[in-house]
1. Any residue at all in region 253-260 that is of a type outside the set (A, V, I, L, M), part of a loop (DSSP other than H, G, I, E, B) and over 21 Å from the mean Cα position of the chain (by Cα)?
2. Please determine whether any residue of region 199-212 is free of Cβ contacts under 8 Å to residues at least 60 places away in the same chain, assigned to a helix (DSSP H, G or I), among the hydrophobic types (A, V, I, L, M, F, W, C) and surrounded by fewer than 17 Cβ atoms within 10 Å (Cβ to Cβ).
3. Quick one: what pairs do we get from region 30-43, first residue within 16 Å of Gly138 (Cβ to Cβ), second in a helix (DSSP H, G or I), C-beta under 6 Å, 6+ apart or different chains?
Amino acid sequence: MIQFPQIDPVIFSIGPLSVRWYGLMYVLGFTATYFLVKKQIRDFKYQVLEEHFENLNLTLILCVILGGRLGYVVFYNLPYYIKHPLEIPATWTGGMSFHGACLALLIGGYIFCRRKKLNFWKTADIYIVTIPIGLGLGRIGNFINGELFGRETDVPWAMIFPYGGPLPRHPSQLYEAALEGLLLFSVLWLNRNKPWQKKTHWPHGSMTAIFLAGYGLIRIFIEFFRQPDQQIGFIASFITMGQLLSITMVAAGIILWKMRLKTG
C-alpha cells in the first residue's frame, strides 16, 4: 500500500478568497487549449477561425461550466436539486459532469459556428484534440482533493483516502489522468493533421469521432475500478451512470465516423 499524499487542496488564501489546486487545473487546461488551438490555426492556415477565436473561446468556457453543472444536476443528483433548486448554481460546492460539459460544448460550438459561418467539423477537430489535457489535469485535481476515489482493493499501489473509509482503494483518479489525459491526447495530437491531408481520406470530424469513442471506451473501463457515486450506486446492479453515459458516447463516435466517411 502507498501512503496517500496529504496535499492541502488550498494553495493559498487571501482573506475570504482561496485559490485551490482543482481550480488551477481548470485554468491550466483552458490555457493549454488556447495556445494549442492557436498553433493549429497557424499550421493549418485556418485564418477564418482566427477572426472569431476569442469569442468562441469565451463561448466554449461558458459551455463547459454550464453544461458540466447541469449535467451533474440532471444525471447524478436530480432528486436532491429538485428539492434544493437554489443550490444548482453553487458550482463551488462541487459537482460537475464531463458528459454534460461535452454535450454543451458540441451544441454551443455548433450554434456559434453556424452563426459565424465557420466549418463546424474543422473547428471541432482543432479544439477536440486539446481537451484531454484539461481532463488529465482535472483528474489530478480530483486526486489532490481526495475525491472520486476507486473501489476497495489489495493491489500494492492502493491508498487509503481521507473520505474513503479505512480500507485501501484504487487511485482511480490517476488511472483516468493517464488514460483520459495522456494516452487520449497522444493519440489525437499525433493524428491531428490527417483530416487536412486528402491522401489520408480522413474527413473533418474524424478527430471528434475518435475522441467520443476513445473517451467513452476508456471511461467504461476505468469505471470498473472507480467507486460509484454514493447517491446513485449501480444501475441495474452492475453498471454505473458513468458507464451508461459513456456507452452513448462510443455509439455516437462510431456513427459520426461512418457518417463523416460517407460525406467526406
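1. No: region 253-260 contains no residue that is of a type outside the set (A, V, I, L, M), part of a loop (DSSP other than H, G, I, E, B) and over 21 Å from the mean Cα position of the chain (by Cα).
2. no
3. From residues that are within 16 Å of Gly138 (Cβ to Cβ), the pairs are Ala32/Ile133.
Conditions (1) under 23 Å from Gly68 (Cβ atoms); (2) part of a helix (DSSP H, G or I); (3) in contact with a His (Cβ under 8 Å, 6 or more places away or on another chain), marked per residue:
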{"residue": "Ile133", "(1), (2), (3)": "yes, yes, no"}
{"residue": "Leu137", "(1), (2), (3)": "yes, yes, no"}
{"residue": "Val155", "(1), (2), (3)": "no, no, yes"}
{"residue": "Tyr163", "(1), (2), (3)": "yes, no, no"}
{"residue": "Glu176", "(1), (2), (3)": "yes, yes, no"}
{"residue": "Glu180", "(1), (2), (3)": "yes, yes, no"}
{"residue": "Gly214", "(1), (2), (3)": "yes, yes, no"}
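No value in this document is a laboratory result; all are computed from the given coordinates. Predicted model only: the values in this text are computed from it and were never measured. Please note: Cβ atoms are built from the backbone with ideal geometry, for glycine as well, and neighbour counts cover all protein chains shown.
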